[in-house]
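First up is the structure itself, then whatever we jot down about it.
The values are calculated or read from the model by the stated rules, or taken from the named source; none is laboratory data. Since the model is a prediction, treat every value here as computed from it, not as a measurement. Every residue, glycine among them, receives a Cβ derived from its backbone with ideal geometry; neighbour counts consider all protein chains shown. Calculation scope for accessible area: heavy atoms of the full protein, side chains included, ligands and nucleic acids excluded. Shrake-Rupley method; radii C 1.70, N 1.55, O 1.52, S 1.80 Å.
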Amino acid sequence: MRIVPMRDEHAAGVLTVYQSGLDTGDASFQRSAPDWPEFSAGKLAEHRFVALDEAGRVLGWAAVSAVSARPVYAGVVELSVYVASEARGSGVGKALLDQLIASTEQAGVWTLRAGIFPENTASLALHMRAGFRQVGVHEKLGKHGDRGWRDVVLLERRSEYID
């Protein structure tokens, strides 16, 4: 496996992995992946990565989005990490998250935020091992189809290097 910057050539693989995560029902309130232009526009270009297997297939991706256009929040981003079902549990998520943390810290980002359904225990564990802490729970944040109201666990990781 290798981690490389996400490019347009990875679009189909990224969106396939994204949709497979959405199909679990425990990754997002969103039910279907957007088209590539919409997806790409919502992610910061300098902090988007994919994990590729030896054949160049996308095993997973990680990216961040700005939380606000206000300058005071320039160092705060929200992250997403998605791993293909066949690659879960193999270290892909950790490798992507490690790369994302290094990339954002090098760029001066001081806080990474994540919102994760409490049922997504693998993602919660991955983030906690990477130094995130739980800062709260949004109770009944949104309705999720036939699953009704869903809570979202709020996590953050504050950089140890940026004062």
### Query
Would segment 137-151 turn up any residue that is small (Gly, Ala, Ser), part of a strand (DSSP E or B), touching a residue at least 12 places away in the same chain (Cβ under 8 Å) and out of contact with any His (no Cβ under 8 Å at 6 or more places or on another chain)?
yes
### Query
Condition test on Leu52, is it within 14 Å of the chain's Cα centre (by Cα) and at pLDDT 95 or above?
no
### Task
Report, ordered by the first and then the second residue, all pairs with beta carbons closer than 8 Å, sequence separation of six or more or different chains, a first member in segment 100-112 that is of a type in the set (Lys, Arg), and a second member that is open to solvent by 20 Å² or more (accessible area, probe 1.4 Å) and part of a helix (DSSP H, G or I).
none
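Got a sec? Which of Ala102, Ala114 is within 15 Å of the chain's Cα centre (by Cα) and either basic (Lys, Arg) or outside any strand (DSSP E or B) (or both)?
Values: Ala114 fails: either basic (Lys, Arg) or outside any strand (DSSP E or B) (or both).
Sole residue among the options that is within 15 Å of the chain's Cα centre (by Cα) and either basic (Lys, Arg) or outside any strand (DSSP E or B) (or both): Ala102.
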### Query
Taking segment 74-96 only, how many residues are over 15 Å from Val50 (Cα atoms) and in a loop (DSSP other than H, G, I, E, B)?
3
### Task
With the condition kept exactly as written, say whether any residue in segment 85-92 is open to solvent by less than 40 Å² (accessible area, probe 1.4 Å) and within 20 Å of Asp8 (Cβ to Cβ).
no
### Message
Could you go through segment 36-48 and let me know if any residue there is exposed (fewer than 13 other Cβ atoms within 10 Å of the Cβ), touching a residue at least 60 places away in the same chain (Cβ under 8 Å) and over 26 Å from Leu141 (Cβ atoms).
### Response
yes
### Summary
Among residues of segment 90-145 being among the hydroxyl-bearing types (Ser, Thr, Tyr) and touching a Ser or Thr at 6+ places or on another chain (Cβ under 9 Å), the residue farthest from Val17 (Cα to Cα) is Thr111
### Summary
When every residue in segment 62-73 that is more than 11 Å from Phe49 (Cα to Cα) and either free of Cβ contacts under 8 Å to residues at least 24 places away in the same chain or surrounded by 17 or more Cβ atoms within 10 Å (Cβ to Cβ) (or both) is compared, the one nearest to the chain's Cα centre (by Cα) is Ser65
### Query
Which residue out of Ala33, Ala11, Ala27 is touching a residue at least 24 places away in the same chain (Cβ under 8 Å), buried (at least 19 other Cβ atoms within 10 Å of the Cβ) and either part of a helix (DSSP H, G or I) or of a type in the set (Gly, Ala, Ser) (or both)?
Ala27
### Task
Please go through segment 108-122 and pick out each residue that is under 25 Å from Tyr73 (Cα atoms) and buried (at least 16 other Cβ atoms within 10 Å of the Cβ).
Val109, Trp110, Thr111, Leu112, Arg113, Ala114, Gly115, Ile116, Phe117
